[in-house]
Structure formats: structure tokens, C-alpha cells
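The values are calculated or read from the model by the stated rules, or taken from the named source; none is laboratory data. Everything quoted here is computed from the prediction, not taken from an experiment. Ideal geometry is used to build each Cβ from the backbone, glycine not excepted, and the neighbour counts take in all protein chains shown.
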Amino acid sequence: MPKGSPELTEARREEIINACEKLYQTRSFKEITLKDIGNATSFTRTSIYNYFATKEEIFLALLKREYELWIGSLKRTMEQIEKMTKDEFASMLAHSLEERAQLLKIMSMNHYDMETGSRPEHLRDFKVAYGESILTVGECLDKYFPEMTVSEKQDFIYTFFPFMFGIYPYTYVTEKQRCAMEEANVNYVFMSIYELTYNCVKRLLGD
């Protein structure tokens with residue numbers, strides 16, 4: 001790690017992550033290289049290696065940040081809203097993920113590559129954020145549905161989080177995929193992130 005203030009170190013890490021995020025808006029994970037990310041920053045490309053060893057580590061840091069933003073949104077909701085019906089909770093959780101489409105995209109497309117291509121300390125930092133997201137959803141259930149048993153809450157968590165990995169591919173379909181579905185005569189209903197998540201949460205809550 002280079003010498004300098006913690007503020008400078010964090011600012012440069014954020015600049016690298018932001019550059020990666022911008023490139024990911026128009027290019028695929030496989031197309032983006034460390035050179036591309038370095039060229040999009042204000043400092044030398046080789047300086048990236050002081051912060052990240054691989055592009056997978058940069059993407060993992062971006063995913064970590066997305067989880068932290070989602071956690072923050074859920075915690076603000078718990079601070080602001082005292083009670084919710086099942087319908088209101090399903091809508092809230094669906095909206096919270098609708099706002100984090102990038103979280104869903106990264107986790108569904110490149111999760112395995114990011115974890116296998118990152119050093120243990122980077123993977124640990126990510127898992128802290130991932131674990132906190134599970135705890136935060138559990139706190140939401142504790143607050144709004146205190147009548148749920150421990151087993152019911154556990155069933156919700158371990159069904160909902162694996163479900164999240166499939167949301168993006170089901171809701172963002174390319175024209176080529178759409179044409180292939182039509183040519184294959186597959187009766188497929190295209191749904192939004194909100195619709196898919198809302199329906200899942202309602203069913204998990206037993207409504």
C-alpha cells in the first residue's frame with residue numbers, strides 16, 4: 001500500500017472503483033481490462049496495483065459498495081417507518097432492489113470470477129458487507145413481522161438471497177435473447193425487477 005493519508009488512499013480507491021463502474025455501463029466484464037480502468041483514472045495505470053491486484057478485486061469492491069448502499073437504504077427505512085403490512089414490506093424490498101440494478105447485474109453475471117480472482121483480504125472485506133446485508137434483512141423481518149418464528153425467518157433469508165442471483169437475467173433481456181425465445185416458442189413473461197421481487201417476497205411471507 002502506498003504511503004499517504006488514509007483520505008488519499010480511500011479517494012484513489014474510490015476513483016478506481018468509479019472508473020470501473022463507468023466502463024461497466026457500456027462494456028462487459030470480460031471486455032474490461034486493468035489497462036482500461038487505469039486509463040480512466042487521473043493517475044498512472046501502474047498505481048492501480050498499489051490498491052488492487054486484479055480487475056476482479058475492483059469489481060468485488062464495486063459489488064461491496066453496492067451492498068453497503070442497499071444496507072443503508074434498508075436501515076433508513078427501518079428508522080423512518082415503524083410498521084408495515086406484508087404488502088408494504090414486499091413493495092419496499094422490491095423498490096430497494098429496483099434502485100440497485102447494478103448490484104443484481106454484477107452478482108448474477110460475474111460473482112464466481114470475482115471471488116476466485118481476489119486475494120483473501122479483499123474477499124473477507126466483501127463477505128463482511130454481504131453478511132451485514134443478510135443481518136439487515138433479518139432485522140427488517142424482526143421489526144415488521146415479530147410473529148414470524150426463527151425457522152420462518154431463516155427460510156425467508158435462505159430463499160430470498162439465492163433468488164436475488166437470478167433477478168437480473170430474468171429482467172434484463174437482450175434483443176437477441178428475446179428473438180431466440182420467440183423462435184423457440186417459449187411462452188415467457190417478461191417482468192421488471194420490482195414485479196419479480198414483489199411477487200417473490202409476497203409468497204415468502206405467506207400472503
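N185 fulfils the conditions (1) of a type outside the set (F, W, Y); (2) assigned to a loop (DSSP other than H, G, I, E, B); (3) under 27 Å from L204 (Cα atoms) except for a single criterion, (3).
For Y158, state whether it is hydroxyl-bearing (S, T, Y), closer than 19 Å to L74 by Cα and exposed (fewer than 13 other Cβ atoms within 10 Å of the Cβ). Don't jump to the end; show me each part of the working.
Values: hydroxyl-bearing (S, T, Y): yes; closer than 19 Å to L74 by Cα: yes; exposed (fewer than 13 other Cβ atoms within 10 Å of the Cβ): yes.
Criteria met by Y158.
Hey, could you check the stretch 93-138 for residues that are over 20 Å from Y168 (Cβ atoms) and aliphatic (A, V, I, L, M) and say which is surrounded by the fewest Cβ atoms within 10 Å (Cβ to Cβ)? Looking at residues that are over 20 Å from Y168 (Cβ atoms) and aliphatic (A, V, I, L, M), I get L135. Does A101 fit the bill of being more than 17 Å from the chain's Cα centre (by Cα) and in the same structural domain as W70 (by TED's automatic domain parsing)? Answer is no for this residue. Taking the criterion of being more than 22 Å from the chain's Cα centre (by Cα) and either crowded, with 16+ Cβ neighbours inside 10 Å or assigned to a loop (DSSP other than H, G, I, E, B) (or both), the only residue of the stretch 13-38 that qualifies is G38. Criterion first (closer than 25 Å to Y130 by Cα, out of contact with any Lys or Arg (no Cβ under 8 Å at 6 or more places or on another chain), in a helix (DSSP H, G or I) and at pLDDT below 95) does I58 satisfy it? The answer is no for I58.
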